[in-house]
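The values are calculated or read from the model by the stated rules, or taken from the named source; none is laboratory data. Keep in mind the model is a prediction, meaning the values are calculated, not measured. Neighbour counts run over all protein chains shown; Cβ positions are idealised from the backbone, glycine included. These accessible areas exclude ligands, DNA and RNA; they are computed on the full protein's heavy atoms, side chains included. Shrake-Rupley method; radii C 1.70, N 1.55, O 1.52, S 1.80 Å.
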Amino acid sequence: LYNNVFYKNTGVKNAIIEIDDNPGSAGGPALNIYSINNIFSENISSDSKKFFRVRDEASGDNLIHDYNVYYSNYSNSDLSISVELNSVFDEKPLFTSPSVPVYDPKKGVEQIKEILAGFRLNSSSPAIGEGVNVFSFTGTIHPTGISDMSTREDAFCNSRKSVKKWDIGLHQVSK
């Protein structure tokens, strides 16, 4: 998971993030899995659902998670996020105008673009300059193997190629 936004998810079936089926749990080589540069904001559960749910030991042991923003989420989790030394905790991410409308297929792509635009970072967001270049990590599940990541652009086609410090989330503000 790289540079995503998880915002106001409620009523989840099992967890916001569920990690399982690592080949290492079946005796094969354990793969590294990454959760880097993501924003988790205002995800609420009224019952005992997990934030991170780890279904097998190999997946949990090989999850590398850091450089994330956590704001006002429920705390029941199989993983401790407090070990993330480079993450931002308890600071609102300051999106420009986030919303979670009911999707209207008649509006189609235009509505998706409007929703996406609301998740741009405000110029004083604590997520700006706090991320890491995900290409600096090595491992089996790695961004160079994902064609969409090879361009190193954010969700708005802003380049991350020459940026020294990546922003966390969908939007690259810093140059």
* To do: Could you pull out every residue, at least 5 positions away or on a different chain, whose amide H is within less than 5 Å of the one on residue 88? Hs are placed 1.01 Å off N in the peptide plane, and Pro or chain starts have none.
  => 68, 69, 70
* Structure fact -> For 86-92, 64-70, 118-124, ranked highest to lowest by mean beta-carbon neighbours within 10 Å, the order is 64-70, 118-124, 86-92
* Positive minus negative residues near residue 172 (Lys, Arg vs Asp, Glu; Cβ under 11 Å) -> +3
* To do: May I ask you to give the solvent-accessible area per residue for the stretch 98-139, in square angstrom, as obtained with a 1.4 angstrom probe?
  => 61 Å²
* Asked: residue 156: accessible area at probe 1.4 Å, nearest 10 Å²?
  -> 40 Å²
* Structure fact -> The long-range amide H neighbours of residue 122, using H built 1.01 Å from N in the peptide plane and a cut-off of under 5 Å, are 95, 96
* Taking amide hydrogens as modeled 1.01 Å from N in the peptide plane, which residues meet the under 5 Å criterion relative to residue 166, leaving out close sequence neighbours? -> 131, 132, 133
